[in-house]
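Participant: One structure coming up, written as structure tokens, with questions to follow.
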Amino acid sequence: MILGLDFPPISHAIEWRDLFGTHGAFAINKVVLLMWLSVLVVAVFFFIASRRQQLVPTGVQNVAESAVDFVREGIIMQTIGKEGLFYTPFLLTVFSFVFVCNIWEIIPGAQMPVNARMALPMLMALLVWVIFNFVGVKNQGIRYLKNVCFPPGVPWPLYILVAPIEFVSTFLVRPLSLSVRLFANMLAGHLLLISFAVLSTALWNSTKVGAVLPGALLIGLTGFEILVSALQAYIFTILTAVYIGGAMHPEH
Amino acid sequence: MLHVLAAQDSGELVQGLTAVGRGIVYGGAAIGPGISIGIVVGNAITAMARQPEAAGMVRTTMFLGIAFTEALALFGFVLAFIISG
């Protein structure tokens, strides 16, 4: 209770009833359904876009091609370079899947970003962790570990301090920060929208006039959340690209 | 003062102190990243204004810098929810 308003506790805002299937960890709820729907949306979108390819793209193909172009030119060429183009399909999938999962936040009827539960960001961050370490070992062999822990150009006594820090920050903090960044941004946006919706409803029921300001802010924040959804998908993808690029070439 | 506090229902006291702790954790965690994101974006704008042809590269690096800086504030945000009375 704040100022006479009854804000729902956080568990009411993000935890959903088990709809069907087994109970416990494998139960199917709204978030899982939205995640499956996101997979379907991304797959069907790119399937339709690539089914009848034309030289001069129109309609869906245009959108898909600009997405591919964005990932190639805006993300891979800026961070990895030419030899990173091999990872275009993976990064494009990550980008579009994260974006569709995020955008459920503002779709009426769904209004629940899938990434506001920790499970999916954590799984994707672990996947990225496996991939960039695999790329590192494949390109540099066992020297990968040495190149990570002992960056060149440091006076040798400092390695006592630098090596553990580099090890922890590369192998432990990277997946943690990658997943927590996405999760916390989406959770914060979701709670922000809920708070303003509760505020607007309460003020509309009591005074009518008082709901104008929070209602206008709610509309503005919805627009802001579209930006945040796209930005977080972009940041997740670009950090994946940076990690893969860093594993491909040792620092020098 | 302590007697008055002790006379209260201890559950309520813990609840109140938890709320205060959550506020302090997130508020404290937001100070540093708030200042640093200002520095990052300010310098990126300076760089773009001086050399508009490098704007694309600067923008990419700026978002990377923001992402790394912002992570600390978000750790605080998550930690504030983890704290329980």
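Participant: Considering only region A:224-247, I want to know if a residue exists there that is farther than 30 Å from A:Ile76 by Cβ, modelled with pLDDT of 90 or more and either open to solvent by less than 40 Å² (accessible area, probe 1.4 Å) or aromatic (Phe, Trp, Tyr) (or both). Break it down into steps so the answer makes sense when it comes.
Facilitator: Filtering region A:224-247 for residues farther than 30 Å from A:Ile76 by Cβ gives none.
No: region A:224-247 contains no residue that is farther than 30 Å from A:Ile76 by Cβ, modelled with pLDDT of 90 or more and either open to solvent by less than 40 Å² (accessible area, probe 1.4 Å) or aromatic (Phe, Trp, Tyr) (or both).
Participant: Residue check, A:Gln111 against (1) more than 14 Å from chain B (Cβ to nearest Cβ); (2) open to solvent by 20 Å² or more (accessible area, probe 1.4 Å); (3) within 22 Å of A:Arg181 (Cα to Cα); (4) in a helix (DSSP H, G or I), all met but one. Which one?
Facilitator: (4)
Participant: Does region A:141-180 hold any residues that are within 14 Å of chain B (Cβ to nearest Cβ) and not hydroxyl-bearing (Ser, Thr, Tyr), and which are they?
Facilitator: Taking region A:141-180 first, the residues within 14 Å of chain B (Cβ to nearest Cβ) are A:169-170, A:172-180.
Within region A:141-180, A:Leu172, A:Val173, A:Arg174, A:Pro175, A:Leu176, A:Leu178, A:Val180 meet the criteria.
Participant: Additional query: If a residue has to be closer than 25 Å to A:Ile238 by Cβ and modelled with pLDDT of 90 or more to count, how many in region A:146-165 make the cut?
Facilitator: 1
Participant: Could you check A:Phe46 against (1) open to solvent by 80 Å² or more (accessible area, probe 1.4 Å); (2) over 22 Å from A:Met248 (Cα atoms); (3) assigned to a helix (DSSP H, G or I) and say which number it fails?
Facilitator: Of (1) open to solvent by 80 Å² or more (accessible area, probe 1.4 Å); (2) over 22 Å from A:Met248 (Cα atoms); (3) assigned to a helix (DSSP H, G or I), only one is false for A:Phe46: (1).
Participant: Still on this structure, I have one more. Let me spell it out: the conditions are (1) open to solvent by 20 Å² or more (accessible area, probe 1.4 Å); (2) within 14 Å of chain B (Cβ to nearest Cβ), and A:Pro250 meets all of them except one. Which number is the exception?
Facilitator: Failed condition: (2).
Participant: Have a look at B:Ile66, B:Ile35 and point out the one that is modelled with pLDDT of 95 or more and in a helix (DSSP H, G or I).
Facilitator: B:Ile35
Participant: Is it the case, given these coordinates, that A:Leu120 is closer than 17 Å to A:Leu172 by Cβ and either out of contact with any Cys (no Cβ under 6 Å at 6 or more places or on another chain) or not in a loop (DSSP other than H, G, I, E, B) (or both)?
Facilitator: The answer is no for A:Leu120.
Participant: Something else now. Looking only at residues in region A:1-43 that are surrounded by fewer than 13 Cβ atoms within 10 Å (Cβ to Cβ) and in contact with a strand residue (DSSP E or B) (Cβ under 7 Å, 6 or more places away or on another chain), which one is modelled with the lowest pLDDT?
Facilitator: A:Gly21
Participant: Residue under question is A:Asn205, and the condition is that it be over 23 Å from A:Val71 (Cα atoms), in a helix (DSSP H, G or I) and not small (Gly, Ala, Ser); does it hold?
Facilitator: yes
Participant: Listed residues A:Val68, A:Val63, A:Val41, A:Val94; which is part of a helix (DSSP H, G or I), of a type in the set (A, V, I, L, M), more than 28 Å from B:Gly56 (Cα to Cα) and away from chain B (no Cβ under 14 Å)?
Facilitator: Exactly one residue qualifies, and that residue is A:Val41.
Participant: Being of a type in the set (D, E, K, R) and touching a Phe, Trp or Tyr at 6+ places or on another chain (Cβ under 9 Å) is the filter here; which residues of region A:8-36 pass it? Step through it out loud before you land on a result.
Facilitator: Initial filter on region A:8-36 (of a type in the set (D, E, K, R)): A:15, A:17-18, A:30.
Answer for region A:8-36, where residues must be of a type in the set (D, E, K, R) and touching a Phe, Trp or Tyr at 6+ places or on another chain (Cβ under 9 Å): just A:Lys30.
Participant: Scan A:Phe183, A:Phe196 and give me the residue that is aromatic (Phe, Trp, Tyr), away from every other protein chain (no Cβ under 14 Å) and under 25 Å from the mean Cα position of the chain (by Cα).
Facilitator: After ruling out the rest, the residue left standing is A:Phe196.
The values are calculated or read from the model by the stated rules, or taken from the named source; none is laboratory data. The structure presented is a predicted model; accordingly, all values stated were derived computationally and were not measured. Using ideal geometry, Cβ is built from the backbone for each residue, glycine included, and neighbour counts are taken over all protein chains shown. Calculation scope for accessible area: heavy atoms of the full protein, side chains included, ligands and nucleic acids excluded. Shrake-Rupley method; radii C 1.70, N 1.55, O 1.52, S 1.80 Å.
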